[in-house]
């Protein structure tokens, strides 16, 4: 039986978001566990839709000795501080040295981490770990759907597998795929990689794999190219709000021969090129979205506040769509989740039924102004809840004190958290005594993940362009570091 080290270090870096992302963001819990070490890692991640959880669950029946080292993540945000990166990497290096001889290493990574001085933080991490384990220890990594593949990442691993879906309902399943690749490597098989970097960027809302979206069709075509001798043929769309020379999608294949891997990568590349022009969609202004909703009063709408999506680096506190709802007098609507720790604390001090005469949100830039009060406190919650939807399934969240309030004199309700998190699970509503089915209009601070648990509730879903750091129109971003020839779709 093998001794397999397990580690995770995840961050999706929006280089245009105000930063830096400091160490405290990795230490604290949010939707996912805070920084955890050793055997506590197993309990902290058990039964969650996370790659590390799926890998552990898949490998435990094999009887291997699993050696958990460290796992941490931080909500998408600005560049990781060099201090935070060095602190966590140094701790990983120490734990790896103390772990004793290993037969393999599993790494749960995002794949698009950028620090204040490093464009390819994962590539550097892998190189640093290799100085301890040597060049031949099998490394198998699980990656996010939005990973930015680099040559260093390919060179320093024996295999990398990325999520197939967006919304990421298959994170645990991806960990199980990584386990299967590692089983074969431990049995003596050698996999050869072939990959292509593509020369365009796709905005997050148009990367969805649901329905007839181009990404979904490409994913299916990748699966059709797979076979026992070529177990992975992947399209990895990348994170477009990252301004680095490596930014952009990739095609990555693994097979038992270089020729088989190259044939799979080439075939999927041709399919991506065939679908490339379909990666587009329409961004609605708040006014246009609300006019559409007003014109169909019997229809249910979800307005995706994509540019304030905490899952893409947004602050989670912008007020543009809420301001528009109030201006249009739209009834039976809810906004979730708006992050304002001071407001949530004040609500808890005041209690249910109290009237709060204070402003809410709008502290980040771009994103203001704050919403004026007063507000009626309808419900309070600890922020400790368990995800029940396909994306956050099993995740034991800690969002800090939460409250649900109504803007006095209206029927606009706002769900407030103390830590930013995208509204992608109905459990967030239930935690505050609300049912999302009871609202005609839901404003959800999310780009795509909300579709997994909320999509079926709506007759119409409109992606709305309102101020926020997660810019959806990539043409508006001041890229300066993309490699020559990269196009913005």
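Derivation of every value follows stated rules applied to the coordinates shown; laboratory data play no part. On a predicted model such as this, the values are computed, not experimentally measured, just so you know. Virtual Cβ from ideal backbone geometry, glycine too; neighbours counted across all protein chains shown.
Can you give the FRET efficiency to the nearest 0.05 for residue 299 and residue 189, using r as the Cβ-Cβ distance and R₀ = 56 Å?
0.55
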query: Separation of the stretch 415-489 and the stretch 221-269 by C-alpha centroid, Å?
result: 28
task: Note the full-extension length gain between residue 224 and residue 357 as 0.36 nm times their separation in residues minus their Cα-Cα distance, in nm to one decimal.
output: 42.0 nm
task: Rank by packing, highest mean first: peptides 32-44, 139-151, 197-209, with packing defined as the count of other Cβ atoms within 10 Å averaged across residues.
output: 139-151, 197-209, 32-44
By average C-beta atoms within 10 angstrom, highest first, the peptides 456-465, 58-67: 456-465, 58-67
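To check you understand DSSP bridge types, tell me what percent of the beta bridges within the stretch 3-278 (both residues inside) are antiparallel, rounded to 5.
35
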- prompt: Ordered by packing density, taken as the mean number of other Cβ atoms within 10 Å over each peptide's residues, highest first, how do 240-249, 443-452, 216-225, 414-423 rank?
  reply: 443-452, 414-423, 240-249, 216-225
query: FRET efficiency for residue 1 and residue 40, Cβ-Cβ distance as r, R0 = 25 Å, nearest 0.05?
result: 0.65
- prompt: Roughly speaking, what is the stretch gain from residue 488 to residue 270, that is 0.36 nm per residue apart minus the C-alpha to C-alpha distance, in nm to one decimal?
  reply: 76.6 nm
Segment residue 327-residue 365, extension gain: residue separation times 0.36 nm, minus the distance between their alpha carbons: 11.5 nm
- prompt: In nanometres, what is the gap between the two model label sites at residue 437 and residue 151, each 7 Å from Cα along Cα-to-Cβ?
  reply: 5.5
- prompt: If one computes the Cα centroid of the stretch 51-76 and of the stretch 29-44, what distance in Å separates the two points?
  reply: 11
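Set the Förster radius R0 to 22 Å, insert the Cβ-Cβ distance between residue 430 and residue 384 as r into 1/(1 + (r/R0)^6), and round the FRET efficiency to 0.05.
Efficiency at R0 = 22 Å is approximately 0.95.
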statement: the chain: antiparallel bridges as % of DSSP beta bridges, rounded to 5, reads 40
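With the Cα gyration tensor of the stretch 3-278 giving a ≥ b ≥ c as the square roots of its eigenvalues, does the rule (a/c under 1.5 for rounded; else a/b larger than b/c for prolate; else oblate) give rounded, prolate or oblate?
oblate
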statement: Candidates for Rg/Rh (Cα atoms, Kirkwood Rh) are [x] 1.13; [y] 1.02; [z] 0.97, and the calculated one carries label [z]
